[in-house]
Amino acid sequence: MTHKPSIAVIGAGMVGTCCALHLQNEGYDVTLIDRNGPGEAASSGNLGCFGIASCVPAAMPGVIKKVPAMLLNPKAPLKLRWAHAPKALPWFLRFIAASRRDRVEAIAKARQTLLNRAHDGIDPLVADADAKHLLSQTGLLFTFESEEAYQGASYAFELRRQNGVKMDLLDGNEARQIEPMLTPNVVRGIRVANLTHTVDPLRLVQALAALFERRGGRLVHRSVRGFDIGPDGVRAIRTDDGALDVDNVVIAAGVWSRPLAGQLGTPVPLEAERGYHTMFHGADMPMHGAVLSVDRYISVTPMMDGIRAGGVAEFAAPDAAANFVHARMVRRQAEALFPTLKSQSISEWMGPRPSHPDSKPVIGRSPRHKNAFFAFGHDHLGLTMGGITGKLISELVSGKTPCVDLEPFRPDRF
Ligand SMILES: Cc1cc2nc3c(=O)[nH]c(=O)nc-3n(C[C@H](O)[C@H](O)[C@H](O)COP(=O)(O)OP(=O)(O)OC[C@H]3O[C@@H](n4cnc5c(N)ncnc54)[C@H](O)[C@@H]3O)c2cc1C
């Protein structure tokens, strides 16, 4: 019997769990390591959308003028903990540099190459995990409550159109035919009909991790501290409970990948862009599919356990205490968008999106160690891109030509 090379994946979020499953499909002996349960960090509380229409990056032309005003406006979704400002400054400088029109267009094109293959990466895993009941293909509706907001978003929607996203333009009444509970203030809508969302992102990752274990994968509950490096690269992973020998390693630890990649000699400008949600448990307001309010900077998604509203981009240390004032701001915006939305039971959550200033993940081989691979930095799209990232990592590890050009996602591009 031939020896199957071993590979350890650090991080059992959406991205790491999908890497582990695709590597198993390639015949590797896979260990998935997480200090917590699968999917319990950023991957648990997101808005659940497989955002195939989200090629538009965060840094857009003109952002340099908008950022200072947004930071000073308590109602704006962009937040910065001032104590964190000196650490975040280099990130913001790169962010502004990424907002040049030619760069924006190249970034959108690169993001779309992953989005076009997103379902090739995730759908087979969901089918094998018997988790199709956790998906719903009811589309995404963008809403606008003023002509000004609609005109202001015209370049972003033109970018989507240029990248092949199919959208239907609606007036306010047509938008309310899809979502009758929307405020009468909505004057325009844009619909992406073929968009899928999960009705429970945490249960989805847990179902994928359960499949991984059923197939003989080892899920190890440990905290990774560092690496032992030999002449051929990473030899062992040091954890809080001893060392694990490995033939290969994948770093997929979300925002906490930065210090791990740094220990392997690759500095990356990864920041925690912390988002908040308010969950309206058991809310019985009828809702058809996911809604993204362009004026209010929030998304609202019908979930298995109620209705979830989320948003906010707070720059702070990943593990700093949450400030749930932001979740309450999201709640007020959701209640204004849907005036009949209410629930007896509300819960609030914060999770760190792992964000690079150029809105692209890192997917590739470590420039320094040939048996180490990086899969992190998926910002607002880790649920969407987890499956295809896992497929690409499995192709790279097994020496196949990746099905997407990975040049734009190189770890050493910064
Ligand atoms: C409010 C909000 C809404 C969002 N909505 C969407 C959406 O609709 N669609 C979408 O595609 N994306 C969405 N996202 C983004 C998405 O949630 C993230 O991009 C995604 O969860 C990142 O997944 P990940 O696996 O990289 O990281 P994580 O889920 O954070 O997983 C990283 C894992 O690594 C583990 N780990 C870290 N360091 C170590 C260590 N040293 N040792 C052991 N384990 C370690 C952690 O415990 C964790 O489990 C949203 C995010 C937020 C905050």
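Residue check, Leu341 against (1) in contact with a strand residue (DSSP E or B) (Cβ under 7 Å, 6 or more places away or on another chain); (2) away from the ligand (no atom under 11 Å from the Cβ); (3) assigned to a loop (DSSP other than H, G, I, E, B); (4) farther than 20 Å from Gly289 by Cα, all met but one. Which one?
In the conditions (1) in contact with a strand residue (DSSP E or B) (Cβ under 7 Å, 6 or more places away or on another chain); (2) away from the ligand (no atom under 11 Å from the Cβ); (3) assigned to a loop (DSSP other than H, G, I, E, B); (4) farther than 20 Å from Gly289 by Cα, Leu341 misses (4) alone.
Per-residue answers, yes or no, for (1) touching a residue at least 40 places away in the same chain (Cβ under 8 Å); (2) within 13 Å of the ligand (Cβ to nearest atom); (3) more than 19 Å from the chain's Cα centre (by Cα):
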position: Asp232; (1), (2), (3): yes, no, yes
position: Gly242; (1), (2), (3): no, no, yes
position: Pro267; (1), (2), (3): yes, no, yes
position: Asp284; (1), (2), (3): no, no, yes
position: Ala313; (1), (2), (3): yes, yes, no
position: Arg328; (1), (2), (3): yes, no, yes
position: Arg332; (1), (2), (3): no, no, yes
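Does Pro57 count as surrounded by 24 or more Cβ atoms within 10 Å (Cβ to Cβ), closer than 29 Å to Ser223 by Cα and within 15 Å of the ligand (Cβ to nearest atom)?
no
Restricting to the range 297-310, name every residue that is more than 14 Å from the ligand (Cβ to nearest atom) and in contact (Cβ under 8 Å) with a residue 60 or more places away in the chain.
Scanning the range 297-310 gives Met304, Asp305.
Tally the residues that are charged (D, E, K, R), surrounded by fewer than 14 Cβ atoms within 10 Å (Cβ to Cβ) and over 22 Å from Ala320 (Cα atoms), restricting the search to the range 69-104. I'd like the intermediate steps shown before the answer.
Quick first cut of the range 69-104, residues charged (D, E, K, R) only: 75, 79, 81, 87, 94, 100-103.
Those left that are additionally surrounded by fewer than 14 Cβ atoms within 10 Å (Cβ to Cβ): 75, 87, 100-102.
Filter again for over 22 Å from Ala320 (Cα atoms), leaving 100-102.
Total meeting the criteria: 3.
For the range 139-174, how many residues meet the condition of being touching a residue at least 60 places away in the same chain (Cβ under 8 Å) and either of a type in the set (A, V, I, L, M, F, W, C) or in contact with a Pro (Cβ under 8 Å, 6 or more places away or on another chain) (or both)?
Counting residues in the range 139-174 that are touching a residue at least 60 places away in the same chain (Cβ under 8 Å) and either of a type in the set (A, V, I, L, M, F, W, C) or in contact with a Pro (Cβ under 8 Å, 6 or more places away or on another chain) (or both) gives 11.
Can you tell me which residue among Arg218, Arg214 is surrounded by fewer than 19 Cβ atoms within 10 Å (Cβ to Cβ) and in contact with a Ser or Thr (Cβ under 6 Å, 6 or more places away or on another chain)? Working first, answer last.
Working: Arg214 fails: in contact with a Ser or Thr (Cβ under 6 Å, 6 or more places away or on another chain).
Selected residue: Arg218, the only one of Arg218, Arg214 that is surrounded by fewer than 19 Cβ atoms within 10 Å (Cβ to Cβ) and in contact with a Ser or Thr (Cβ under 6 Å, 6 or more places away or on another chain).
What number of residues within the range 1-54 are surrounded by fewer than 21 Cβ atoms within 10 Å (Cβ to Cβ), within 10 Å of the ligand (Cβ to nearest atom) and of a type in the set (S, T, N, Q)?
1
What tally of residues in the range 193-230 results from selecting those that are outside any helix (DSSP H, G or I), among the acidic types (Asp, Glu) and under 26 Å from the mean Cα position of the chain (by Cα)?
1
Determine the pairs where a residue that is closer than 15 Å to Ala372 by Cα, located within the range 383-409, has a partner that is in a loop (DSSP other than H, G, I, E, B) and among the small types (Gly, Ala, Ser) with Cβ atoms under 7 Å apart, the partner being 6 or more residues away or on another chain.
So the pair list comes out empty.
Tell me, yes or no, whether the range 244-264 has at least one residue that is without any contact (Cβ under 8 Å) to a residue 24 or more places away in the chain, within 15 Å of the ligand (Cβ to nearest atom), in contact with a strand residue (DSSP E or B) (Cβ under 6 Å, 6 or more places away or on another chain) and closer than 24 Å to Asn36 by Cα.
Taking every residue of the range 244-264 in turn, none turns out to be without any contact (Cβ under 8 Å) to a residue 24 or more places away in the chain, within 15 Å of the ligand (Cβ to nearest atom), in contact with a strand residue (DSSP E or B) (Cβ under 6 Å, 6 or more places away or on another chain) and closer than 24 Å to Asn36 by Cα.
Do any residues in the range 44-56 that are over 14 Å from Asn116 (Cα atoms) have Cβ atoms under 6 Å from those of residues that are more than 6 Å from the ligand (Cβ to nearest atom) and of a type in the set (Val, Ile, Thr), where the two are at least six apart or on different chains, and which pairs are they?
Leu47/Thr301; Gly48/Thr198; Gly48/Thr301
Looking at Thr143, Thr113, which is the one that is buried (at least 17 other Cβ atoms within 10 Å of the Cβ), more than 30 Å from Cys19 (Cα to Cα) and of a type in the set (Ser, Thr, Tyr)?
On the way: Thr113 fails: more than 30 Å from Cys19 (Cα to Cα).
Of the residues listed, the single one that is buried (at least 17 other Cβ atoms within 10 Å of the Cβ), more than 30 Å from Cys19 (Cα to Cα) and of a type in the set (Ser, Thr, Tyr) is Thr143.
Go through the residues of the range 26-46 one by one and say whether even a single one is more than 22 Å from Arg225 (Cα to Cα) and of a type in the set (A, V, I, L, M).
Within the range 26-46, not a single residue is more than 22 Å from Arg225 (Cα to Cα) and of a type in the set (A, V, I, L, M).
Which one of Ile7, Ile64, Ile107 is in a helix (DSSP H, G or I), touching a residue at least 60 places away in the same chain (Cβ under 8 Å) and over 20 Å from Gln206 (Cα atoms)?
The conditions single out Ile107.
Kindly indicate whether any position in the range 180-191 is β-branched (Val, Ile, Thr), out of contact with any Ser or Thr (no Cβ under 8 Å at 6 or more places or on another chain) and free of Cβ contacts under 8 Å to residues at least 60 places away in the same chain.
Yes, the range 180-191 contains a residue that is β-branched (Val, Ile, Thr), out of contact with any Ser or Thr (no Cβ under 8 Å at 6 or more places or on another chain) and free of Cβ contacts under 8 Å to residues at least 60 places away in the same chain.
Every number in this text was worked out from the coordinates using simple rules, so none of it is lab data. Please read these numbers as outputs of a predicted model, since none were measured by experiment. Glycine gets a Cβ as well: all are built from the backbone with ideal geometry, and neighbour counts include every protein chain shown.
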